[in-house]
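**Q** This structure is in structure tokens; I'll ask about it shortly.
The values are calculated or read from the model by the stated rules, or taken from the named source; none is laboratory data. Only a predicted model underlies this, so the values are computations on that prediction, with no experimental measurement involved. Cβ placement follows ideal geometry from the backbone for every residue including glycine, while neighbour counts extend to all protein chains displayed. Surface accessibility is based on the protein's heavy atoms, side chains included, excluding ligands, DNA and RNA. Shrake-Rupley method; radii C 1.70, N 1.55, O 1.52, S 1.80 Å.
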Amino acid sequence: MRTLGVFELTGCGGCALNIIFLYNKLFDVIQLYKIKEFHMASSYREEGSLDVALVSGSVSTQRDLEILRRARENSRFLIAIGTCATHGNMQSSLEGSMEEKLERIYGTRDNYMGALNSKPIVEYVKVDFAIPGCPYDKDELYQALILLAKGVEPVYKDYPVCVECKLNEYECVLVKRGIPCLGPLTVGGCNAICLRSGIGCIGCRGPLPKGVNPAGEARILKELGYDDEYIRNKYKTFSGGGLKW
Amino acid sequence: MRYSKLPKENFEAFFKSLEKWGAVYGPVKRGRIYSFEKIKDPNEMSLNYTRTMIPPKKFFVKPRERILRLKDGEWVEECDEEKKVIFGVHSCDINALLILDKVYLSYPEDPLYKRRRENSLIIGISCMPDELCFCKSLGTDFAMHGFDLFLHELPDGWLVRTGSVKGHEIIWRSRELLQEPNEADLENFRKFEDRRIKSFKKELDAQGIADLFDLAYNSDVWKKYEELCLGCGNCNMVCPTCRCYEVCDLWTSPYEAERVRRYDSCFMETHGLVAGGHNFRATRLDRFRNRYYCKSYFDPQAGFNCVGCGRCDEFCPAGIEHVKVLYEIARGRSYNVPILQRKSA
Ligand code: SF4
Ligand code: SF4
Ligand code: SF4
Ligand code: SF4
Ligand code: SF4
């Protein structure tokens, strides 16, 4: 029996909840793993080493950093789950110094809660695998956990949302309706779910790790009449500054 | 080849009679694209469609499909056995299927593809090119074989060409609905074809391309397109002659899995990745160039892997035009004569 721990840093909690939302497939997971720590599901907690650690949320406080370090030190394989953990998500897209932000929101520059500028966990520790998405696709996590239990390393998605959009035969809203769609820049795996409803992809899974062309997409969006500011805001919503041109 | 005439007033009855041969699929408009879908009522179809986004290849190699299922420790084959009539296929797409046949039906043949080809009837239909079509330049604007029946539009019906034994059988069984074509029908057929040939707006001298590619490997034109192209793979996903697929195992329980195959694209980072972490197409430039070599260069004796359907142009978010790229390559540094002028040169 392998061991598993789930760790939550700063985020909306949805990515931890998404594990519980595996529903009956969660029983498959507990057939293969003993869950030693999973705060959202149970107050039960056991110290010691883990085969797999799942970490959701971004590092936004000193406490987050401590939890993350503990998860890393105690685990053999660490998976970043969700866009907060993989790319920093919207909280990391806020610019400016910590003092300015504290002043603006709390009216004081004193940092009582040990807040840090939000960053994805990949900026602090080595991550063995990443499953982006806001929230991530829960079957992707299921596949990764079963593979790891069988001693096989999961494989990264190397394709953008466009590929799954075409596999489903969805009309291309960028080409046919001039709707800004970040599908060409965004790593696939969500089965192009937003395009099923004809809504342009807003890039919630973060940019493809390699070969992505933000300047090329910006050129297209400008031709459609969107200005630099609009495009910059759209790019940075989830990517934590990962998309620039 | 046998010709018959299907008068307009008999179309519905003829179409209904096709149901005896299998589930009938035809082109329908969905939003701002066309798609081959199951047809209940012939009026649902848009028979004057330009091109479907996903080509009829999808009936033989599905965009995404389960090919095997792991059950009790054994891999079991999965294949739907539905008999199909694919109605309203354009000549370019029929020719594209013949290109796919060379790949999927050569040893070792793909059993799913083979079974589905055997289980399907192809009924072609004539078309008018739009500004993106260039099949005429590649000789794929007319289907000589690869279909069971082919319907050519006439003012008052269709001239039907028969292309297979099964096609003859359909004609025989529907003989009360068909007539012998007369001189006027043949004249109308010729007129339509004349008008059609004159309507092409895109042209390509396919003859010279293979030579040009020998000289163009380091052309600056590739660099320009590397900047424009998003590497999104849409051009591959919609291409009727693209043959690359990805296979992946997905667990359905800790002990049961399915093996899923889906269309792949050479624009993807790992398409050229091999053991040891080497990637023989590491940059977007390499990958952009590869698609053009795949379509127009490799083994020119065997014919081109492009039928000029215009899908890659229609669905490229960056507005990259296939023929224009080839022209620019031809005009690039190492070669100064445009393709079209080469003929007379
Ligand atoms: S709609 Fe968006 S995701 Fe789909 S093909 Fe077009 S650009 Fe790509
Ligand atoms: S289509 Fe884009 S925004 Fe929608 S779930 Fe997928 S990655 Fe997120
Ligand atoms: S290598 Fe590229 S262009 Fe050639 S068949 Fe494969 S996906 Fe299509
Ligand atoms: S390369 Fe483009 S024009 Fe040629 S067959 Fe493919 S989609 Fe059609
Ligand atoms: S569809 Fe256009 S932008 Fe996308 S990979 Fe093909 S050429 Fe590049």
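**Q** For the subset of the range B:272-289 comprising residues that are at the interface with another protein chain (Cβ under 8 Å from one of its Cβ atoms) and open to solvent by 30 Å² or more (accessible area, probe 1.4 Å), which member is farthest from ligand 1 (Cβ to nearest atom)?
**A** B:THR283
**Q** Looking at (1) touching a residue at least 12 places away in the same chain (Cβ under 8 Å); (2) surrounded by fewer than 17 Cβ atoms within 10 Å (Cβ to Cβ), can you tell me which one B:CYS127 breaks?
**A** (2)
**Q** Ok, one more. Restricting to the range A:20-38, count the residues that are assigned to a strand (DSSP E or B) and open to solvent by less than 60 Å² (accessible area, probe 1.4 Å).
**A** 5
**Q** If I go through the range B:86-108 residue by residue, how many of them are farther than 18 Å from B:ARG51 by Cα and either touching a strand residue (DSSP E or B) at 6+ places or on another chain (Cβ under 7 Å) or loosely packed, with under 12 Cβ neighbours inside 10 Å (or both)?
**A** 3
**Q** Need the failing condition index for A:LEU195 against (1) open to solvent by less than 20 Å² (accessible area, probe 1.4 Å); (2) within 12 Å of chain B (Cβ to nearest Cβ); (3) more than 24 Å from B:ILE54 (Cβ to Cβ), just the number.
**A** Tallying (1) open to solvent by less than 20 Å² (accessible area, probe 1.4 Å); (2) within 12 Å of chain B (Cβ to nearest Cβ); (3) more than 24 Å from B:ILE54 (Cβ to Cβ), A:LEU195 fails exactly one: (3).
**Q** If you don't mind, another one. Can you report the number of residues in the range A:134-148 which are at the interface with chain B (Cβ under 9 Å from one of its Cβ atoms) and surrounded by fewer than 22 Cβ atoms within 10 Å (Cβ to Cβ)?
**A** Summing the residues that are at the interface with chain B (Cβ under 9 Å from one of its Cβ atoms) and surrounded by fewer than 22 Cβ atoms within 10 Å (Cβ to Cβ) in the range A:134-148 gives 4.
**Q** Could you figure out which of (1) open to solvent by less than 10 Å² (accessible area, probe 1.4 Å); (2) assigned to a loop (DSSP other than H, G, I, E, B) isn't true of B:GLY26?
**A** (2)
**Q** Is it the case that the range B:217-224 has a residue that's within 14 Å of chain A (Cβ to nearest Cβ) and either within 20 Å of B:CYS312 (Cβ to Cβ) or in contact (Cβ under 8 Å) with a residue 60 or more places away in the chain (or both)?
**A** yes
**Q** In the range A:149-168, what residues are of a type in the set (D, E, K, R), open to solvent by 30 Å² or more (accessible area, probe 1.4 Å) and within 15 Å of ligand 2 (Cβ to nearest atom)?
**A** Result: A:LYS157, single match.
**Q** Under 6 Å by Cβ, and 6 or more places apart or on different chains, what pairs join a residue from the range B:306-334 that is near ligand 4 (Cβ under 10 Å from one of its atoms) with one that is of a type in the set (Gly, Ala, Ser) and modelled with pLDDT of 95 or more?
**A** Sorted first by the residue in the range B:306-334, then by its partner, the pairs are B:VAL307/B:ALA96.
**Q** Just to be sure I understand the filter: pairs with C-beta atoms under 7 Å, separated by 6 or more residues or on different chains, first member in the range B:32-43 and open to solvent by 50 Å² or more (accessible area, probe 1.4 Å), second member of a type in the set (Asp, Glu). Which pairs pass?
**A** What qualifies is B:ARG32/A:GLU171.
**Q** Then there is this: Determine whether the range B:45-61 contains at least one residue that is assigned to a strand (DSSP E or B), of a type in the set (A, V, I, L, M, F, W, C) and touching a Phe, Trp or Tyr at 6+ places or on another chain (Cβ under 7 Å).
**A** No, the range B:45-61 has no match at all.
**Q** Still on this structure, please answer the following. Take B:PHE15 and decide whether it is in a helix (DSSP H, G or I), on the phi < 0 side of the Ramachandran plot, open to solvent by less than 50 Å² (accessible area, probe 1.4 Å) and in the same structural domain as B:GLY167 (by TED's automatic domain parsing).
**A** When the stated conditions are applied, B:PHE15 passes them.
**Q** Turning to a different aspect of this structure: How many of the residues making up the range B:164-181 are part of a loop (DSSP other than H, G, I, E, B) and either open to solvent by 90 Å² or more (accessible area, probe 1.4 Å) or free of Cβ contacts under 8 Å to residues at least 60 places away in the same chain (or both)?
**A** Selection size over the range B:164-181: 2.
**Q** Can you pull out every residue in the range A:198-225 that is within 14 Å of chain B (Cβ to nearest Cβ), in a loop (DSSP other than H, G, I, E, B), open to solvent by 30 Å² or more (accessible area, probe 1.4 Å) and out of contact with any Asp or Glu (no Cβ under 9 Å at 6 or more places or on another chain)?
**A** A:ILE199, A:VAL212, A:LEU224
**Q** Then there is this: If we only count helices (runs of 4 or more DSSP H) wholly inside the range B:201-288, which ones have 3 or more residues that are more than 15 Å from ligand 4 (Cβ to nearest atom)?
**A** Filter on the range B:201-288 gives B:206-215, B:220-228.
**Q** Of the residues B:ARG195, B:ARG161, which single one is assigned to a strand (DSSP E or B) and either of a type outside the set (A, V, I, L, M, F, W, C) or open to solvent by 30 Å² or more (accessible area, probe 1.4 Å) (or both)?
**A** B:ARG161
**Q** So B:LYS191 passes all but one of these: (1) more than 14 Å from chain A (Cβ to nearest Cβ); (2) without any contact (Cβ under 8 Å) to a residue 40 or more places away in the chain; (3) under 24 Å from B:VAL307 (Cβ atoms). Which condition number does it fail?
**A** Result: B:LYS191 passes all but (3).
**Q** Give the residues of the range A:154-179 that are in a loop (DSSP other than H, G, I, E, B), modelled with pLDDT of 95 or more and more than 8 Å from chain B (Cβ to nearest Cβ), sorted by residue number.
**A** A:PRO154, A:TYR170, A:GLY178, A:ILE179
**Q** Does B:GLU314 meet the test of being away from ligand 2 (no atom under 16 Å from the Cβ), open to solvent by 30 Å² or more (accessible area, probe 1.4 Å) and at the interface with chain A (Cβ under 9 Å from one of its Cβ atoms)?
**A** For B:GLU314, the condition - away from ligand 2 (no atom under 16 Å from the Cβ), open to solvent by 30 Å² or more (accessible area, probe 1.4 Å) and at the interface with chain A (Cβ under 9 Å from one of its Cβ atoms) - is met.
**Q** Would you mind stating whether A:LEU17 is part of a helix (DSSP H, G or I) and surrounded by fewer than 18 Cβ atoms within 10 Å (Cβ to Cβ)?
**A** yes
**Q** Tell me, which strands (runs of 3 or more DSSP E) lie completely within the range A:39-138 with 3 or more residues that are in contact with a strand residue (DSSP E or B) (Cβ under 8 Å, 6 or more places away or on another chain) and farther than 22 Å from A:CYS190 by Cα?
**A** Counting at least 3 such residues, we get A:50-56, A:59-61, A:75-81, A:115-119.
**Q** Out of all the residues in the range A:84-118, which are among the β-branched types (Val, Ile, Thr) and within 21 Å of A:LEU54 (Cβ to Cβ)?
**A** Answer for the range A:84-118, where residues must be among the β-branched types (Val, Ile, Thr) and within 21 Å of A:LEU54 (Cβ to Cβ): just A:THR86.
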